[in-house]
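K.L.:
Handing you this structure, nothing more for now.
Derivation of every value follows stated rules applied to the coordinates shown; laboratory data play no part. Being a predicted model, the structure only gives us computed values, none of them experimental. Methodologically, a virtual Cβ is constructed for each residue, glycine included, from the backbone with ideal geometry; neighbour enumeration extends over all protein chains shown.
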């Protein structure tokens, strides 16, 4: 067992009758990281999270949280969970709900009230402490769900689409708070989101899954290097002339001009590519404005790794 891992699964599987929702999933989330969990609808993300928190049992394989079997008392003490669609006792006030949830985690009354006040203020819900949860907006309910997940000061937060119901200001505020938690408390955050440009601003590492299996898992930096290893961008004062001059070159496996005025090149032989580009520039009497390795976003990593790139 690696003591640096907050989450580890080995061949984790969950079947519902003939439907295999999670199929031999191997997952490794290091302590103190914000780790993204990405995949298409139906890939098994929420089912995996439910096995990690212990609300459902796996059919096969193993899962560990902070070194303890998932679902055990020790594992549950280590984590807080905020689902995509949280449920509440609608007639409770925000204050009563958080105090109640804190008491359920084992806190005394005074400690629960102190923690509730801290969380309501921190998540900008302080003005609504005496309001009934049933009247909250979707965004307020999402923040209250995060507050209950943090009530017992866990070492791990498992968040399923935490910004789905927030407006742009709310999403930016929440992302800043999650970064603050990682920075100031070394909290581990395991987060699933479909909003990849947003997730990219948060995560240190990411796991991509499809059909219940791990497709790729590493730091964002390493995955970016892998998907851009043979990809380059070129921009000149006459892209059309250069595009025509480079067509059919044996060292170029792919070439196209995008709407932003960049030529995208794929080549496994950089030295040969550089020579061909320089020859084409000289022959066409144009100037190079940019030439270098392509930079990839998390969305690019997802599309290329999943084989969905156009």
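K.L.:
How high is the FRET efficiency between residue 180 and residue 96 when r is their beta carbon distance and R₀ equals 35 Å, given to the nearest 0.05? Don't skip to the end; give the middle numbers.
P.N.:
On the way: r = 27 Å, r/R0 = 0.77.
It comes to 0.85.
K.L.:
Could I ask something else about it? By how many nm would the segment from residue 111 to residue 218 lengthen if fully extended, with 0.36 nm per residue of separation less the alpha-carbon distance? Mind showing how you got there, number by number?
P.N.:
On the way: separation 107, 0.36 × 107 = 38.52 nm, distance 3.88 nm.
Result: 34.6 nm gained on full extension.
K.L.:
I need the calculated FRET efficiency for the pair residue 153 and residue 15, taking r as the beta carbon distance and R₀ as 25 Å, to the nearest 0.05.
P.N.:
Numbers: r = 35 Å, r/R0 = 1.41.
Approximately 0.10, to the nearest 0.05.
K.L.:
Follow-up. With each pseudo-label sitting 7 Å past Cα toward Cβ, what's the residue 258-residue 225 distance in nm, one decimal?
P.N.:
Using points 7 Å along Cα→Cβ, the separation is 2.2 nm.
K.L.:
Also: Which residues does a label at residue 131 reach in the range 140-158, if reach means a backbone N under 14 Å from a point 7 Å past the Cα toward the Cβ?
P.N.:
140-145
K.L.:
Here's a follow-up. Size of the chain along its principal axes in angstrom, Cα-based, largest extent first?
P.N.:
In descending order, the Cα extents are 80, 45, 35 Å.
K.L.:
Another question, then. Using 0.36 nm per residue of separation minus the Cα-Cα distance, give me the extension gain between residue 89 and residue 172 in nm, one decimal.
P.N.:
Working: separation 83, 0.36 × 83 = 29.88 nm, distance 2.76 nm.
Value of the extension gain: 27.1 nm.
K.L.:
At 222 nm, what value in deg cm²/dmol follows for the chain if DSSP H runs of at least 4 each add -39500 (n - 2.57) and the sum is divided by all its residues, to the nearest 500? Write down the numbers at each step before the final one.
P.N.:
On the way: 11 runs with 115 residues, N = 310.
After summing the helix terms and dividing by the residues of the chain, the value is -11000 deg cm²/dmol.
K.L.:
Taking each pair of different alpha-carbon atoms in the range 155-310 once, compute 1/r for the pair, average those values, and report the inverse of that mean as the Kirkwood hydrodynamic radius in Å to one decimal.
P.N.:
Radius from the Kirkwood sum: 18.2 Å.
K.L.:
Quick one: helix 270-284 against the long Cα principal axis of the chain, what's the angle to the nearest 10°, folded into 0 to 90?
P.N.:
That works out to roughly 50 degrees.
K.L.:
Additional query: For the range 229-294, what value does the Rg/Rh ratio take when both radii are computed over Cα atoms and Rh is the Kirkwood radius, given to two decimals?
P.N.:
Details: Rg = 10.4 Å, Rh = 11.5 Å.
That ratio equals 0.90.
K.L.:
Continuing with the same structure: If you look at just the Cα atoms of the range 74-212, how large are its Rg and its Dmax in Å?
P.N.:
14.8, 46
K.L.:
Follow-up. Which distance in Å, rounded to a whole number, links the C-alpha centroids of the range 231-274 and the range 74-105?
P.N.:
55
K.L.:
Short version: what are the Cα gyration tensor semi-axes of the range 48-106, square root of 5 times each eigenvalue, largest first, in whole Å? Please report the intermediate quantities before stating the final value.
P.N.:
Values: eigenvalues 138, 38, 11 Å².
Value: 26, 14, 8 Å, ordered largest first.
K.L.:
What does the extension gain come out to for residue 289 and residue 55, with contour length at 0.36 nm per residue minus their alpha carbon separation?
P.N.:
Numbers: separation 234, 0.36 × 234 = 84.24 nm, distance 5.60 nm.
The span from residue 289 to residue 55 would gain 78.6 nm if fully extended.
K.L.:
Out of every Cα pair in the range 160-227, what percent are spaced more than 20 Å from each other? Numbers along the way, then the final one.
P.N.:
On the way: 762 of 2278 pairs.
The proportion of pairs with Cα distances above 20 Å equals 33 percent.
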